[in-house]
1. To check my understanding: the extent here is largest minus smallest coordinate of the Cα atoms along each principal axis. What are those three numbers for region 9-319, in Å, largest first?
2. If you find the alpha carbon centre of region 204-243 and of region 111-139, how far apart are they in angstrom?
3. Quick one: if you stick a label point 7 Å off each Cα along the C-beta vector at Tyr199 and Arg250, how many nm between them?
4. Convex hull volume of the Cα atoms in region 226-314, per residue, in Å³?
5. Local charge sum around Thr107 (other residues, Cβ-Cβ under 11 Å, Lys/Arg +1, Asp/Glu -1)?
6. Rounding to the nearest 20 debye, state how big the charge dipole of region 9-319 is about its Cα centre with +1 on each Lys and Arg Cβ and -1 on each Asp and Glu Cβ.
7. May I ask for log10 I(q)/I(0) of region 155-241 at q = 0.11, 0.12, 0.17, 0.25 Å⁻¹, from a Debye sum over the Cα atoms as equal point scatterers with solvent left out?
Amino acid sequence: MKQAQQENSKPLPGLIATLTAGFELTTSHPWLVALPIIVDLFFWLGPRLSVERMMLRYERILAAEPGLSGMADQVAELASGYNLFTALSVPLAGVPTLMGGASPETTPLAPAILRVEGWLGFGGLFIVLTLAGVFLAASYLSLIALALRKPDEAAIYAFKRVVNFAKSTALAWIRLLALGVFLIITMLVILLPLLPVAYLAALLSQGLAIVVLMLGIVFVVTYLSMSVPGIVLDGRPVGESVVHSVRFVRRFMSPTMNILFVIIIVGWGTNLLWRLADTGNWLTIVSIAGHGFVSTALVSAIFIYYQDRTAVHVHWAKESNDKK
């Protein structure tokens, strides 16, 4: 009992120490970077699923309405560079990629273009690619969790380790899908009441309306941010991981906001540098590799942050319940 109290009284690692630990973990386990690099190389040089023809038909309908000409221009711009294969990179918890979204205009090899003509085909492919993307995310995050686990927690035999990893990855995939559905529903529940407020704010400024809606999104994402490591690292069910995440963030609100903010800024800034360095030749591989390393280090830092504080949070919650 005294030993447990001493362990819980130790100061927790700070922001810099946590980020450093994430980079050290990635350096000592370079294979963690493989999946982001492979996915980015596929987006860069692989075949592309173009929706340009389908979107241009929609653009012509919008252009016929005088008040929607601006939206029509945005649709035309999006249609020219959108690659449906990038649905493999799921927002928030997916494999981090540099080439997601609009396809690069210049590449050293001419990619094959596959065209999607109808909305039914688009919807079906989007769902299949999203499911595959969540599975890639589960595999990627499970590899990071594997690197963080102590050696004595792993199975002795290589075959058994592979089987255990496959089972944990499949379970994480199902739970991440369920978490995604829960996140969408929660977003709707939070954002729908904010729509009238955003409408009133839009009367003053459209930027203010966007800020109102963004605050709702930030609120949801922040409180559910620790659900993913709870599912992948601790193997918690979805409901339990959500409850634990909310309590965790309430207990460590300030440091959680700090590390999420720093990771977003660092990720955004380095992505900007990698994109500026992309000249369309083979040197882009350096940018892809650098992005994969930095992004994996940042994701690892989130897992380490969660791991360092979970034991303290559980002990604190237990003490609170005992007092009740």
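1. That works out to 66, 50, 35 Å along the principal axes.
2. Using only Cα atoms to place each centre, the spacing works out to 25 Å.
3. Result for the modelled spin labels: 3.3 nm.
4. Values: hull volume 8.1 nm³, N = 89.
Spelled out: Cα convex hull of region 226-314, divided by residues, is 91 Å³.
5. Working: positive: Arg48; negative: Glu105, Asp278.
The answer is -1.
6. Numbers: 19 positive and 16 negative charges, 177 e Å.
The dipole magnitude comes to about 860 debye.
7. For region 155-241 at q = 0.11, 0.12, 0.17, 0.25 Å⁻¹, log10 I(q)/I(0) is -0.46, -0.52, -0.76, -1.11.
Bear in mind these aren't lab numbers, they're just calculated from the coordinates by the rules spelled out. Bear in mind that the values here come from a model prediction, so they are computed numbers and not experimental data. Here Cβ is always computed from backbone atoms with ideal geometry, including for glycine, and neighbour counts include all displayed protein chains.
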